[in-house]
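Please read the structure below before turning to the comments.
The values are calculated or read from the model by the stated rules, or taken from the named source; none is laboratory data. Bear in mind that the values here come from a model prediction, so they are computed numbers and not experimental data. Heads up, the Cβs are rebuilt from the backbone with ideal geometry, glycines too, and the neighbour counts pull from every protein chain shown.
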Amino acid sequence: MTLLTFRFAPSPNGELHLGHAYSALLNQQMAKAAGGRLLLRIEDIDTTRCTPEFEAGIHRDLKWLGLGWEEPVRRQSGHFADYQAVLDRLIGQDLVYPAFMSRSEIRAFIADSEKRGRDWPRDPDGVPLYPAADKALPVKERKRRIAENALFAWRLDVDAAMAHVGKHLSWAEFADGTLSATRQIEARPQDWGDVIVARRDIPTSYHLAVVVDDALQDVSHVVRGKDLYAATSVQRLLQEVLGLPQPAYFHHRLVLGPDGRKLSKSLGDTGLAALREAGASPDDVRKLVGL
């Protein structure tokens, strides 16, 4: 019998807060109830913002909360070769293209379009979709720009990828934390436009790395916040294109601050380390997050 496998996958680009504690503890609780495995994965592909100090803090905070996980811990920055191999497959299938437009060029392109009366489409996070004007660049011109060290990112050609898959996409979403019933959710990767799957200097992005890692680690259940609900559509498309297994999903509620907004590392919300130093106990944290 195959054990169910869950994972908690933080990025070491700041201190863990109550929202992370809720997600980590929920994964632990569900893995224990299912008699399954719990993995810890360090998602540190952003090598400029992720630091060893924040990573050490993650381990301290999770151990303080009473979490245990299987070793070894997978650190994404140590597996760029895995992602490069998958990216090379996508390049060979003509499902990605080098996108050269800078942020200022994107803004100017969209502003010009909107001046002419066109409402520019936006993704579920409210960000304007990439214009994809350079998708039509001849191969010779693409190679010339890359050879001249032009800045670019590899973007997924969503229309081509959808045509390659050739079928309706959905995912299995658990209705609640008991894993007792699932419903099929329609995947709409086209709502995100041509997302970035890799950069010139880093052969992956969050979307690509997470589907590769979940497959390599035999993750059967992805339990994460509702803020990633819509992004699951992109990941389902990549799973189908790459022939990877499909986990089941549960997108849990978010822990909100007193002002009703989502907790954030970047906004300096109270971290677990600060709570610990102020005398809070792991049981206090469980009560604070509703567990």
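The figures follow:
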quantity: Strands (runs of 3 or more DSSP E) wholly inside the range 125-223 that include at least 1 residues being over 18 Å from the mean Cα position of the chain (by Cα) and in contact (Cβ under 8 Å) with a residue 40 or more places away in the chain; calculated: 170-174, 182-186
quantity: Residue match in the range 51-71 (condition: at pLDDT 95 or above and among the hydroxyl-bearing types (S, T, Y)); calculated: yes
quantity: Residue match in the range 100-110 (condition: buried (at least 16 other Cβ atoms within 10 Å of the Cβ) and either of a type in the set (D, E) or in contact (Cβ under 8 Å) with a residue 40 or more places away in the chain (or both)); calculated: yes
quantity: Selection status of V241, modelled with pLDDT of 95 or more, under 30 Å from L18 (Cβ atoms), in a helix (DSSP H, G or I) and in contact with a helix residue (DSSP H, G or I) (Cβ under 6 Å, 6 or more places away or on another chain); calculated: no
quantity: Strands (runs of 3 or more DSSP E) enclosed by the range 1-107 - at least 1 residues per element that are among the basic types (K, R); calculated: 5-8, 37-42, 70-75
quantity: Search result, residues across the range 8-41 that are under 20 Å from T204 (Cα atoms) and in contact with a His (Cβ under 9 Å, 6 or more places away or on another chain); calculated: F8, P10, L40
quantity: Matching residues, the range 10-34, being small (G, A, S) and closer than 14 Å to E70 by Cβ; calculated: A31
quantity: Residues being under 14 Å from G14 (Cβ atoms) and under 20 Å from the mean Cα position of the chain (by Cα) - total across the range 27-64; calculated: 11
quantity: Qualifying position, being hydroxyl-bearing (S, T, Y) and within 15 Å of E43 (Cα to Cα), among T232, T204; calculated: T204
quantity: Test result for R199, surrounded by fewer than 22 Cβ atoms within 10 Å (Cβ to Cβ), under 21 Å from A248 (Cα atoms) and among the basic types (K, R); calculated: no
quantity: Members of the range 142-160 found to be among the acidic types (D, E) and in contact with a helix residue (DSSP H, G or I) (Cβ under 7 Å, 6 or more places away or on another chain), listed by number; calculated: D157
quantity: Conditions (1) in contact (Cβ under 8 Å) with a residue 60 or more places away in the chain; (2) charged (D, E, K, R); (3) assigned by TED's automatic domain parsing to the domain that holds D283; number of the one not met by R37; calculated: (1)
quantity: Failed item, numbered, when Q239 is tested on (1) over 28 Å from G57 (Cβ atoms); (2) surrounded by fewer than 21 Cβ atoms within 10 Å (Cβ to Cβ); (3) not small (G, A, S); calculated: (2)
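Yes or no, residue by residue, for (1) in contact with a helix residue (DSSP H, G or I) (Cβ under 7 Å, 6 or more places away or on another chain); (2) buried (at least 20 other Cβ atoms within 10 Å of the Cβ):
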{"site": "E55", "(1), (2)": "no, no"}
{"site": "G66", "(1), (2)": "yes, no"}
{"site": "A85", "(1), (2)": "no, no"}
{"site": "D88", "(1), (2)": "no, no"}
{"site": "V96", "(1), (2)": "yes, yes"}
{"site": "R118", "(1), (2)": "no, no"}
